[in-house]
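Data block below; observations after.
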Amino acid sequence: MIEIRTPRLILRQWHDDDLAPLADIHADPQVMRWIGDGSVLDLDGTAEAVERWEEEWDEEGFGLFAVELLGSGELAGAVGLSVPDYLPEVLPSVEISWRLGRQFWGQGYASEAAQATLEFALQDRGLDHVIGVNREGDNASENIMRKLGMTLERETTHPVHGFPLRVHTIDLTEFQA
C-alpha cells in the first residue's frame, strides 16, 4: 500500500470511513463547480467515484490518493493521477488533479499534495510528462499549476459539455523534486 508523507499531509489509499467526509466535500457546490460538469455528488456518487479511482490504481498503478491532515487525521480531499479519457486529444497523457474541502482552501495543502504527487509520478511511476486541465475561470487551480512549474500547452473545448478548457503541462525530467 502506497503512502506519501509531506510536512503536513498523508497521501494514502482510501478507507471505508473516508466515504462520508468525501461525500460532504462532493456535496458542496463551491468545491464541485470546476469539476466535471459542475454537479455535486451524493454518497452513492462519491462511492462510485472512489471505486473508479481504486480500479485505476489496479489497472494503471496510479490513481487519486486520500489527503489526510497529519496533525488531526481529518480527510481534506483527494489528489492524484488519472488518465483523462474525457479529453481524447491529450491521450496518452496522465493528468494530475485535486479537490479539497472548502475549509482547507488557501492554506497551501493542494500545492503541497500536488508537489508530492508529481514526485511520485516521476520517481515511483517513471512518468516523464504530466498534464493539468482546468476550466477557464478556475484561477485557483491555474495558480497551483503555475506553482508546480506547469505551463499552458493549449486551449480547447470539453468535447461533451462544451466549456473552454486550459491544458497545462510539465516535463518531469526537468521537474525539481
Task: Ranked packing of 1-9, 80-88, most packed first, by mean Cβ within 10 Å - done: 80-88, 1-9
- [ ] Find how much the distance from His15 to Glu174 grows on full extension, using 0.36 nm per residue of separation minus their present alpha carbon separation; answer in nm with one decimal.
- [x] 53.8 nm
- [ ] Treat each spin label as a single point 7 Å out from the Cα along the C-beta direction, and report the Lys147 to Gln103 distance in nm.
- [x] 2.0
TODO: Averaging sequence separations of C-alpha pairs under 8 Å and six or more residues apart, then dividing by the length of the chain, give the relative contact order as a whole percent.
DONE: 17
TODO: First select every other residue whose beta carbon is under 12 angstrom from the beta carbon of Leu165; then total the charges, Lys and Arg +1, Asp and Glu -1.
DONE: -4
Open item on the list: Can you give the local net charge around Ile10? Use residues other than it whose beta-carbon is closer than 15 angstrom to its beta-carbon, Lys and Arg +1, Asp and Glu -1.
Closed with: -4
Task: Listed peptides 66-76, 148-158 by packing density, highest first (mean Cβ within 10 Å) - done: 66-76, 148-158
Open item on the list: Please report the spacing between the Cα centers of segment 26-64 and segment 126-165 in Å, no decimals.
Closed with: 18
TODO: Just check segment 22-89 against the gyration tensor rule for me: Cα atoms, a ≥ b ≥ c as the square roots of the eigenvalues, rounded for a/c under 1.5, and otherwise prolate or oblate depending on whether a/b exceeds b/c.
DONE: oblate
Task: Net charge over other residues, Cβ less than 10 angstrom from the Cβ of Val31 (K, R count +1; D, E count -1) - done: +1
Open item on the list: Using the basic label-point model (7 angstrom from Cα toward the beta carbon), what is the Asp24 to Glu155 distance in nanometres?
Closed with: 3.9
TODO: Using DSSP, restrict attention to beta bridges with both residues in segment 1-144 and report what percent are antiparallel, rounded to the nearest 5.
DONE: 95
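A short reminder: the numbers here are calculations on the coordinates, not readings from a lab. All values derive from a computational prediction rather than experimental measurement. We place every Cβ from the backbone using ideal geometry, glycine too, and count neighbours over all the protein chains shown.
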